[in-house]
Amino acid sequence: MCESWIADDIPSHFDIGGMVVGSRPGVAHLYMKQSGILAGLPFFTSTFASLPGCTVTLVGSPSLPPLPDASCPGSKYTMSPPVEGSFYEYSGKPILLAIVEGPLNQILRGERTALCALSRCSGVATDSRSMVSLGRSLKWRGLVAGTRKTTPGFRTCEKYGLMACGAGADAVMLDNMGGEEARECAREIKEKFKDVVVEVSGGITRENMGDYAGEFVDVISCGKLTQGYQCLDFSLKVQQE
């Protein structure tokens with residue numbers, strides 16, 4: 001999958017930046033530069049694993065000694081390896097997550113693909129966690145889910161972002177109803193078929209989620225989680241020799 005993303009990004013394998021730096025060995029640091037849920041590191045590491053000579057080491061790994069950080073003064077190391085689905089607070093200092101090593105032209109070849117996957121997956125996870133937290137604040141114990149409104153060719157990554165934050169990836173639904181109507185239908189269904197999972201969907205946002213979060217609603221799905229999410233800010237900084 002990651003190989004096809006790279007081929008789509010640079011279909012001719014001709015990368016001007018890679019030609020300029022050549023194939024000499026290099027090191028780049030991955031930073032998180034926005035508060036949110038971290039998700040998508042497997043896609044980031046797999047992208048570079050598919051490129052000749054590249055490796056990714058997560059900060060906190062026993063094999064990684066402390067490194068100077070001349071390209072981004074004031075950045076901080078995570079105290080332990082970064083954890084998928086965890087919230088990271090950005091306080092103005094970039095959070096160092098991983099070290100990428102390999103030929104500089106290959107690092108630059110994979111940079112944009114790897115960062116796009118990571119930032120989009122983390123964006124989905126962050127928006128989804130916000131919806132899950134809102135449901136819990138309303139004393140609703142059901143499941144927040146996505147829909148089929150995903151990006152062609154990127155569905156796996158977006159669905160992964162949903163699951164990384166505790167949301168569900170798939171469901172069936174009572175579609176396009178108002179909140180009161182949906183709750184009433186859910187109640188009637190549960191009275192007749194108590195073991196049936198009831199989902200509501202269609203036009204649900206953070207602002208109106210409380211109208212749908214009823215006792216008999218098991219799942220609330222929101223297409224915006226994979227269609228209108230904000231990407232989180234990450235960067236990959238090549239270190240000076």
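Structure notes:
- Between the beta carbons of LEU138 and SER80, assuming R0 = 45 Å, the FRET efficiency works out to 0.85 to the nearest 0.05.
- FRET efficiency for GLN240 and SER130, using Cβ-Cβ distance with R0 set to 45 Å, rounded to 0.05: 0.75
- Euclidean distance between Cα centres, the range 197-225 to the range 127-185, Å: 7
- For the range 127-182, the share of alpha carbon pairs falling in successive 5 Å distance bins from zero is 4, 18, 23, 24, 19, 8, 3, 0 percent.
- In the chain, lysine pairs closer than 25 Å at Cα, eight or more apart or cross-chain: 15
- Each distinct pair of alpha carbons in the range 75-190 adds a 1/r term; the inverse of their mean, the Kirkwood radius, is 17.1 Å.
- Potential extension, LYS194-ILE10 segment - 0.36 nm per residue separation minus Cα distance: 61.0 nm
- Linear extension gain, GLU215 paired with GLN227, 0.36 nm per residue minus alpha-carbon span: 1.6 nm
- When the surface is traced with a 1.4 Å probe over the full set of protein chains, MET163 keeps roughly 110 Å² accessible.
- ASP175-SER91 pseudo-label distance in nm [points 7 Å out on the Cα-to-Cβ vector]: 4.7
- Sum of side-chain charges, GLY178 neighbourhood, beta-carbon under 13 Å (Lys, Arg +1; Asp, Glu -1): -4
- Two-site FRET efficiency, ARG206 against VAL21, from Cβ-Cβ distance with R₀ of 45 Å, rounded to 0.05: 0.55
- Our summary gives the chain a relative contact order of 27 percent, counting only alpha carbon pairs under 8 angstrom and 6 or more residues apart.
- Charge dipole (debye, nearest 20) of the range 181-241; +1 at Cβ of Lys and Arg, -1 at Cβ of Asp and Glu: 60
- In the frame of its principal axes, the chain has Cα extents of 68, 39, 27 Å, reported largest first.
- Rounded to the nearest 20 debye, the dipole magnitude of the chain is 340 debye, with +1 charges on Lys and Arg beta carbons, -1 on Asp and Glu beta carbons, and the Cα centre as origin.
- By a 1.4 Å probe calculation restricted to protein chains, TYR88 has an accessible surface near 40 Å², given to the nearest 10.
- Of the trypsin sites (Lys or Arg not before Pro) in the range 108-187, those whose Cβ has at most 13 other Cβ within 10 Å and which sit in DSSP loop: LYS139, ARG141, ARG148
The values are calculated or read from the model by the stated rules, or taken from the named source; none is laboratory data. Given the structure is predicted, the values throughout are model-derived calculations rather than measurements. Note that we place each Cβ from the backbone using ideal geometry, even for glycine, and neighbour counts take in every protein chain shown. Side chains are part of the model used for accessible areas, which takes the heavy atoms of the whole protein and leaves out ligands, DNA and RNA. Shrake-Rupley method; radii C 1.70, N 1.55, O 1.52, S 1.80 Å.
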